[in-house]
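The values are calculated or read from the model by the stated rules, or taken from the named source; none is laboratory data. Quick caveat: nothing in here was measured; it's all calculated off a predicted structure. Cβ: placed from backbone, ideal geometry, glycine included. Neighbour counts: every protein chain shown. The area values use the complete protein model at the heavy-atom level, side chains included, leaving out ligands, DNA and RNA. Shrake-Rupley method; radii C 1.70, N 1.55, O 1.52, S 1.80 Å.
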Amino acid sequence: ANLSSKGLSKKFGSVFSVHFGMKKVVVLCGYRTVKEALLTLDEAFGEREAPTILQEQTKGHGVLWSGGDSWKEMRRFALTNLRDFGMGKKASEEKIIEECQHLSVVLQQFKGEAFDMSNAITFAVSNIICSIVYGSRFNYNDPEFRGQIGRADALNHIQLSVSTQLYNLYPSLFKWLLNRRRILNISAENKKQTWSFIHHLKESLNPETCRGFVDTFLVRQKHLEDSGNTDTHFHDDNLVHMVLDLFIAGTETTGTTLRWSLLLMARYPLIQDRVQGELRSVLGGRQVQMEDRKNLPYTNAVIHEVLRFSSIIPMALPHKTSRDVTFRGHLIKKGTTVYPLLVSVLHDESEWEKPRSFHPDHFLDTDGKFTKRDAFMPFSAGRRICLGETLARMELFLFFSSLLQRFRFTPPPGVPEEELDLTPNVCFTLLPPTHKLCAVAL
Ligand code: HEM
């Protein structure tokens, strides 16, 4: 996690290469460099590099690990449908608010005793994707729902294991590793269950009232089939992988950020006081809504600072150059893997007054008004910018504000705030260290 732009650039420059096994990859460091590559030269730096194990699972379908025309069409379709889910922004806002109530009930059941909130948060954010993709949420105890979350978790763990990384680097040498089989089996099981959900939706499809993303995809697919268009990217493999990608990309990210936000509130009680004071004075006791965000500058600044400080996807996802490109004096060949170090942007010492501290004032002007910052790039930038950014921001604002309206988050009894550890667990994402907190009802 110690990837400050100053430290790394001082040692290696803002563009440098490292060897991952036999492979040379290019690393981009610091706000100006990352911005120039991803925004000014986005067509050269905007392809995706999929690790071998993910190529095997996706075969170029979906949106996360794909490229070319298929990616373009799937991304465009998903963006349009995620923007309004075919049902208007209001509908997703209502779904998130409904899920906040369910999450609050779970937190309430612990009656202020310390517990690890990870599962409850994962269930809530997974349900948002379920509502958007399938059109309905699941009961937290539903075995199919639990099964899907359990498999996603298992896949995540094995895919990050040392043996899988070895396989990604030297596929022919490590092909027979046990983990590769396990990954492909779990992934096949995931696809099977996703298919069964899609199948149910297909049987009761009504083109006049699309329930969610799957319905809109099926309607488009049918429309193209009926008009005799066989050469289309709207086929079953893309549908199933789009669904899986939305779950993979949209669950752990939002859940991890929410967990960071609650941990940081418990660690910094004066900041929590100020958020709760603002929520109380602006909203009284009523449920927070999206349109309140403009009147809640401090709360908004805190959420932005959580995203900046935690920098949960430190290296973005691997990019690939689409052509030879000369960048800041370096010739980077077509097809080279490139990692834009987002953490070096979010902690860039020339951009942030206190890059290493949790300091919501980064996003406030001298009058206490919310202020945007150019180097705020937790969702990356350019062609491959996070497809779920709008949804993620909506979820973070509504979940965070709703929870803080209802509960005060504190360390377990006897643990002083300063002893709450903020050192991230370095995985592919930067996870908050495992911890228990109390949610004391207000
Ligand atoms: C890609 C961050 C939530 C869907 C990404 C990338 C980042 C990111 C850094 C990689 C961009 C790149 O390669 O340059 C986040 C954060 C989130 C979040 C911090 C929450 C706090 C979501 C949600 C969804 C989503 C809720 C979906 C509903 C995607 C997809 C991609 C992506 C599909 C791949 C886009 C592409 O390759 O074209 N996200 N994300 N993300 N994200 Fe998110």
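Yes/no matrix, rows are residues, columns are (1) at pLDDT below 95; (2) over 20 Å from Glu113 (Cα atoms):
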site	(1), (2)
Glu351	no, yes
Pro355	no, yes
Pro360	no, yes
Leu364	no, yes
Asp367	no, yes
Asp374	no, yes
Pro411	no, no
Val415	no, no
Phe428	yes, yes
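The one condition from (1) closer than 25 Å to Ser126 by Cα; (2) part of a helix (DSSP H, G or I); (3) of a type outside the set (Val, Ile, Thr) that Arg181 does not meet is (1). On the stretch given as region 280-314, residues that are assigned to a helix (DSSP H, G or I) and buried (at least 18 other Cβ atoms within 10 Å of the Cβ) total 16. In region 417-428, the condition of being surrounded by fewer than 19 Cβ atoms within 10 Å (Cβ to Cβ), aliphatic (A, V, I, L, M) and out of contact with any strand residue (DSSP E or B) (no Cβ under 6 Å at 6 or more places or on another chain) is met by at least one residue. In region 191-210, which residues are surrounded by 19 or more Cβ atoms within 10 Å (Cβ to Cβ), at pLDDT 90 or above and not β-branched (Val, Ile, Thr)? Scanning region 191-210 gives a single hit, Leu201. For region 115-160, a residue qualifies if it is part of a loop (DSSP other than H, G, I, E, B) and within 16 Å of Phe197 (Cα to Cα), and the qualifying residues are Gly135, Ser136, Arg137, Phe138, Asn139, Asp142. Collect the residues in region 184-213 that are in a helix (DSSP H, G or I), free of Cβ contacts under 8 Å to residues at least 12 places away in the same chain and of a type outside the set (Gly, Ala, Ser), keeping them in residue-number order. Scanning region 184-213 gives Asn185, Lys192, His199, His200, Glu203.
Scanning for something of a type in the set (Ser, Thr, Tyr), under 30 Å from Ser66 (Cβ atoms), within 16 Å of the ligand (Cβ to nearest atom) and more than 20 Å from the chain's Cα centre (by Cα), does region 255-275 turn up at least one residue? No, region 255-275 has no match at all.
In summary, Val133 fulfils each of the numbered conditions (1) more than 16 Å from the ligand (Cβ to nearest atom); (2) among the aliphatic types (A, V, I, L, M); (3) open to solvent by less than 20 Å² (accessible area, probe 1.4 Å) with the single exception of condition (1).
Restricting Leu107, Leu79 to residues that are buried (at least 23 other Cβ atoms within 10 Å of the Cβ), of a type outside the set (D, E, K, R) and closer than 23 Å to Phe397 by Cβ narrows the list to Leu107. The residue that is farthest from the chain's Cα centre (by Cα), counting only those in region 382-417 that are away from the ligand (no atom under 16 Å from the Cβ) and without any contact (Cβ under 8 Å) to a residue 40 or more places away in the chain, is Gly414.
Residue count for region 223-251 satisfying the condition of being more than 9 Å from the ligand (Cβ to nearest atom) and either surrounded by fewer than 16 Cβ atoms within 10 Å (Cβ to Cβ) or assigned to a helix (DSSP H, G or I) (or both): 19. Exactly one residue among Thr326, Thr337 is β-branched (Val, Ile, Thr), under 20 Å from Val27 (Cα atoms) and within 16 Å of the ligand (Cβ to nearest atom), and that residue is Thr337. Annotation: Ser311 fulfils all but one of (1) within 16 Å of the ligand (Cβ to nearest atom); (2) more than 15 Å from Leu430 (Cβ to Cβ); the unmet one is (2).
Among the strands (runs of 3 or more DSSP E) confined to region 315-393, the ones with at least 2 residues that are more than 24 Å from Ile53 (Cβ to Cβ) are located at 325-327, 330-332. Of the set (1) without any contact (Cβ under 8 Å) to a residue 60 or more places away in the chain; (2) over 26 Å from Ser261 (Cα atoms); (3) aromatic (Phe, Trp, Tyr), all apply to Phe309 but (2).
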